[in-house]
């Protein structure tokens with residue numbers, strides 16, 4: 001976000017704050033019904049933002065509404081983000097890798113799409129790259145969460161001993177697909193695509209740990225992450 005134009009940082013902050021709020025619903029409730037109520041609250045706020053309704057006095061709601069109305073962001077992306085987070089409330093694992101990738105598209109790529117809209121860089125090559133960056137970032141994050149949520153993460157059609165390797169390979173394929181479009185993407189899109197740098201580093205660390213997501217080393221934050229992002233921004237790479 002710090003690498004985006006100053007005039008657009010507030011809108012990006014609102015987007016990421018909204019995403020944080022809905023992403024933490026699963027961990028903040030004791031029953032799925034309570035989670036559904038919270039997500040419905042956010043749905044109602046999104047409807048009000050797009051349809052000119054009264055806005056609740058909530059710092060994230062107010063900032064997000066301003067961004068939606070000022071920049072004419074796409075409602076479909078918000079709806080898909082919330083629907084995707086409703087999946088978090090279920091304990092069943094995804095049926096297939098494709099289903100897990102669909103979840104990643106809903107909960108991560110849609111946020112990248114919105115960031116690209118804020119940056120006015122949502123042309124086709126950038127959006128295509130955003131799809132793959134979002135999925136790769138989500139899969140890398142799910143691999144980091146494996147020690148806590150393995151049962152909800154591993155697709156039912158993948159044998160458990162192969163799960164980490166296959167998910168890491170899928171994330172790497174999406175990163176490769178995103179970077180194949182790099183030469184056709186405007187520099188203005190870069191801040192929205194920098195999660196690719198974080199995903200790549202996560203996959204590299206996992207490989208160094210012998211594809212063992214339970215290695216305690218992986219729980220230590222990357223001390224050079226800010227520098228990696230700054231270098232990527234400087235050289236226009238993701």
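The values are calculated or read from the model by the stated rules, or taken from the named source; none is laboratory data. Being a predicted model, the structure only gives us computed values, none of them experimental. Quick reminder, even Gly has a Cβ in these numbers, built from the backbone with ideal geometry, and neighbours come from all protein chains shown.
A few points about this structure:
- Pairs are defined by a Cβ separation below 6 Å, a sequence spacing of at least 6 or placement on different chains, a first member in the range 176-195 that is surrounded by fewer than 16 Cβ atoms within 10 Å (Cβ to Cβ), and a second member that is in a helix (DSSP H, G or I); the pairs so defined are 184/125.
- Conditions (1) under 25 Å from residue 121 (Cα atoms); (2) surrounded by fewer than 16 Cβ atoms within 10 Å (Cβ to Cβ): number failed by residue 147: (1)
- Residue ID - farthest from residue 148 (Cα to Cα), chosen from residues in the range 2-18 that are buried (at least 19 other Cβ atoms within 10 Å of the Cβ) and modelled with pLDDT of 95 or more: 11
- Taken together, the residues in the range 59-109 that are in contact (Cβ under 8 Å) with a residue 40 or more places away in the chain and over 25 Å from residue 10 (Cα atoms) amount to 14.
- Among residues of the range 118-130 being surrounded by fewer than 22 Cβ atoms within 10 Å (Cβ to Cβ) and either assigned to a helix (DSSP H, G or I) or under 16 Å from the mean Cα position of the chain (by Cα) (or both), the one that is modelled with the lowest pLDDT is 124.
- Of the residues in the range 138-160, not one is over 19 Å from the mean Cα position of the chain (by Cα) and within 17 Å of residue 201 (Cβ to Cβ).
- Residue in the range 53-65 that is closer than 20 Å to residue 111 by Cα, surrounded by fewer than 18 Cβ atoms within 10 Å (Cβ to Cβ) and over 20 Å from the mean Cα position of the chain (by Cα) present: yes
- Annotation note: of 196, 150, 209, 172, the sole residue that is modelled with pLDDT under 95, in the same structural domain as residue 230 (by TED's automatic domain parsing) and either touching a helix residue (DSSP H, G or I) at 6+ places or on another chain (Cβ under 8 Å) or more than 27 Å from residue 8 (Cα to Cα) (or both) is 150.
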